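Have a look at the structure below before the remarks.
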Amino acid sequence: MARWAIGDVQGCCDELEELLGRIHFSPDRDRLWLVGDLVNRGPQSLRTLRLLRSLGDNALCVLGNHDMHLLAVALVDAKVRKRDTLGEVLAAPDRDALIEWLLHRPMAHYEPDAGHAGAGGDLLVHAGVVAQWSAQLTLQLAQQVEQALRHHTRELLSHMYGDEPDHWQPSLSGVERLRFVVNVLTRLRFITPEGRIDLNQSGKPGSAPKMLLPWFKAPDRATSDTRIVFGHWSALGLHREPGVLGLDTGCVWGGSLSAANLDDPASPVISVASRQPRSIEA
């Protein structure tokens with residue numbers, strides 16, 4: 001058995017199917033960890049959702065910002081954006097089943113090292129974490145969002161858009177607490193040394209103002225003993241350093257779709273070239 005982590009698909013199902021062939025994925029043997037943003041901007045969001053749903057427990061998919069946006073469009077009539085490519089999903093005969101499946105995906109997932117229970121391990125999120133959150137606290141906060149998403153769907157999805165609050169306080173409550181957690185887990189790239197999140201910068205680390213750091217460079221990060229597997233940041237691209245594995249290689253922007261074997265960290269990342277036109281967004 002192998003655990004394969006795969007970067008942002010964003011509706012590029014042809015590339016996903018090619019990548020599964022390249023890694024010799026077997027649903028009887030292997031597990032996929034998808035970093036989120038399964039849908040949108042690419043041409044095959046419907047096929048992507050159908051494929052991943054068909055894999056059952058062999059495809060572990062956390063929710064990304066584009067997945068949350070699809071839920072908001074489908075369930076609370078959020079505004080469809082100019083570049084969205086969600087129409088095929090919204091018009092599909094199995095739309096309700098796919099939306100229900102998406103509603104029950106996690107916001108984060110953690111597995112401890114087999115031989116070091118309680119320490120180390122792998123944390124899967126779409127975007128990032130703030131320095132104050134341990135892996136266990138991240139899971140607890142993610143589960144609060146998951147419960148709100150499933151049982152207070154309209155309230156959460158109607159109030160999740162917005163950039164405030166911009167720093168973590170344990171006293172945060174209600175929709176402000178949930179919005180902050182959603183923003184960190186699905187939108188975070190940069191942070192200040194004092195812990196304030198910036199949700200506007202999307203370029204390479206060196207392109208941001210000097211006071212901003214990549215979230216994984218935050219001082220005294222409580223997840224420093226954990227390998228964090230994430231996507232969301234196509235300008236960062238493939239990024240491997242101790243405790244950090246970034247896998248958004250910009251497939252939807254004409255880059256590539258990439259997979260890493262989590263159980264063999266020394267093995268090379270496997271990528272397939274995008275079939276999408278090259279974009280300056282990458």
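The values are calculated or read from the model by the stated rules, or taken from the named source; none is laboratory data. Just so you know, these numbers come straight off a predicted model, no measurement behind them. Heads up, the Cβs are rebuilt from the backbone with ideal geometry, glycines too, and the neighbour counts pull from every protein chain shown. Protein only, heavy atoms only, side chains kept; ligands, DNA and RNA dropped before computing areas. Shrake-Rupley method; radii C 1.70, N 1.55, O 1.52, S 1.80 Å.
Working note: Cα atoms of the stretch 1-120, range along each principal axis, descending, whole Å: 47, 31, 23. Here the Kirkwood formula, the inverse mean of 1/r across different C-alpha pairs, assigns the stretch 102-260 a hydrodynamic radius of 16.2 Å.
Based on the Cβ-Cβ distance of SER224 and HIS104, what FRET efficiency does E = 1/(1 + (r/R0)^6) give at R0 = 35 Å, to the nearest 0.05?
Details: r = 31 Å, r/R0 = 0.88.
FRET efficiency, SER224 to HIS104: 0.70.
The per residue volume of the convex hull around the alpha-carbon atoms of the stretch 41-188 is 119 Å³.
Relative contact order for the stretch 1-132: 23 percent, from Cα pairs under 8 Å spaced at least 6 residues apart, divided by residue count. Taking only the Cα atoms of the chain, the ratio Rg/Rh comes out at 0.93, with Rh defined as the Kirkwood radius. Between ASP264 and GLU18, what is 0.36 nm times their sequence separation minus the Cα-Cα distance? Round to one decimal in nm. Separation in residues times 0.36 nm, less the Cα-Cα distance, equals 86.5 nm. Residues of the stretch 197-226 with an amide N closer than 17 Å to a point placed 7 Å from the Cα of LEU137 along the Cα-to-Cβ direction: 197, 215-226.
Multiplying the residue separation of ARG83 and ARG196 by 0.36 nm and removing their Cα-Cα distance gives an extension gain of 37.8 nm.
Which helices, taking whole DSSP H runs in the chain, have alpha carbons extending 20 angstrom or more along the helix axis plus mean Kyte-Doolittle at least -1.0? The partial results should precede the final answer.
Numbers: long enough: 135-151 (24 Å, -0.27).
Counting only whole DSSP H runs, the qualifying helices are 135-151.
Counting only lysines at least 8 places from LYS79 when in the same chain, there are none with an alpha carbon closer than 27 Å to its own.
Residue separation times 0.36 nm, minus the C-alpha to C-alpha distance between ASP113 and HIS167: what's the value?
Details: separation 54, 0.36 × 54 = 19.44 nm, distance 3.01 nm.
Value of the extension gain: 16.4 nm.
The residues of the stretch 157-282 have, on average, 46 Å² of accessible surface per residue, using a 1.4 Å probe with all protein chains present. For the chain, the fraction of 1.4 Å probe accessible surface lying on carbon and sulfur atoms is 50 percent. If the reach is capped at under 26 angstrom between alpha carbons, list the lysines near LYS217, excluding any in the same chain fewer than eight residues apart. Reachable lysines: LYS204. What whole-number distance in Å separates the alpha-carbon centres of the stretch 1-78 and the stretch 207-276? Using only Cα atoms to place each centre, the spacing works out to 17 Å.
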